[in-house]
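Written out below as structure tokens is the structure these notes cover.
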Amino acid sequence: MLILIVEDEITLANEVRNFLEKEGFSCEVAHTGRIASEKLFSNDYDLLLLDLGLPDYEGIDLLKESVAKNSNTAVIILSARSALEDRIKGLNIGADDYLPKPFSLLELKSRIMAVMRRKHGIRANIIQINKLHVDLDKRQVLSGRNIITLTRKEYDILSFVVLNKNRVVTRLQISEHIWGDIIEENYNSNYIDVHIKNLRKKLSEYIEGDFLETVRGIGFQFIEINP
Ligand code: CA
């Protein structure tokens, strides 16, 4: 899951980034509104953590840009402006949640998980699908009681396609979700295919059937069997 942190306080931005990366998220940071605006324009993020008080930009305008560019990007406003008015304004424009500063990092994480659950229409941090248990909180995949040992990238790809089950996800979407700022040759290469191949092999040791389908020339689709 790729997160853009927009925060002009460098110490705070680094603290949030370090914490979230330890928790297994991929993060990019923008210290100015202008850089954030450029990043929003060129990448698709799963989540935007947005400080409203930026020196060079109206945070609310960034929120509008994000919503216009990709309505699938979840937004959590992080702001010292705890005034009710700002909160309502942000939520009305399309922010998913609002966390007044100062906040605890653990609370931030649980808000992120809650927002992502709502976005994907799931109730718990554990997804049960095709006899797999995907624990989004622990970043673990189980089949019965067996933990399926996956690399970080394999887990990222699997959880991404599972969250988008029964929909085709493109190589570009996977690449952006996992690597962030993409380089052209990155997603044209067979990089992702290698991870998918390894994933299929690992999953097939525990469960039957290939539900991780290749959609020729486009990408991949995780098929839910008998939901
Ligand atoms: Ca600020």
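The values are calculated or read from the model by the stated rules, or taken from the named source; none is laboratory data. What you see is a predicted model, and the numbers here were worked out from it, not measured in a lab. Cβ placement follows ideal geometry from the backbone for every residue including glycine, while neighbour counts extend to all protein chains displayed. Heads up: the accessible areas ignore ligands, DNA and RNA and are worked out on the full protein's heavy atoms, side chains in. Shrake-Rupley method; radii C 1.70, N 1.55, O 1.52, S 1.80 Å.
For this structure, a couple of remarks:
- The residues in region 38-61 that are under 18 Å from the mean Cα position of the chain (by Cα) and more than 19 Å from T11 (Cα to Cα) can be counted, and the count is 9.
- Any hit, region 153-168, residues being of a type outside the set (S, T, Y), touching a residue at least 60 places away in the same chain (Cβ under 8 Å), assigned by TED's automatic domain parsing to the domain that holds Y191 and surrounded by fewer than 14 Cβ atoms within 10 Å (Cβ to Cβ): no
A quick yes/no check of all residues on (1) among the hydroxyl-bearing types (S, T, Y); (2) out of contact with any helix residue (DSSP H, G or I) (no Cβ under 8 Å at 6 or more places or on another chain); (3) not in a helix (DSSP H, G or I):
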| position | (1), (2), (3) |
| --- | --- |
| Q128 | no, yes, yes |
| V134 | no, no, yes |
| K138 | no, yes, yes |
| E154 | no, no, no |
| F160 | no, no, no |
| V169 | no, no, yes |
| L172 | no, no, no |
| S175 | yes, no, no |
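- Residue ID - surrounded by the fewest Cβ atoms within 10 Å (Cβ to Cβ), chosen from residues in region 49-89 that are among the polar types (S, T, N, Q) and either under 18 Å from I35 (Cβ atoms) or within 16 Å of the ligand (Cβ to nearest atom) (or both): S82
- Residue check, E38 away from the ligand (no atom under 16 Å from the Cβ), charged (D, E, K, R) and either assigned to a strand (DSSP E or B) or at pLDDT below 95 (or both): no
- Matching residues, region 90-148, being on the phi > 0 side of the Ramachandran plot and either open to solvent by less than 40 Å² (accessible area, probe 1.4 Å) or among the charged types (D, E, K, R) (or both): G94, N130, K131, R139
- Within region 2-24, being open to solvent by less than 30 Å² (accessible area, probe 1.4 Å), assigned to a loop (DSSP other than H, G, I, E, B) and either within 12 Å of the ligand (Cβ to nearest atom) or under 18 Å from N70 (Cβ atoms) (or both) holds for one residue alone: E7.
- Qualifying residues in region 95-148 (those that are among the β-branched types (V, I, T) and free of Cβ contacts under 8 Å to residues at least 60 places away in the same chain) - the one farthest from L203 (Cα to Cα): I122
- Taking (1) in contact with a strand residue (DSSP E or B) (Cβ under 6 Å, 6 or more places away or on another chain); (2) within 16 Å of the ligand (Cβ to nearest atom); (3) of a type outside the set (S, T, Y) in turn, C27 satisfies each apart from (2).
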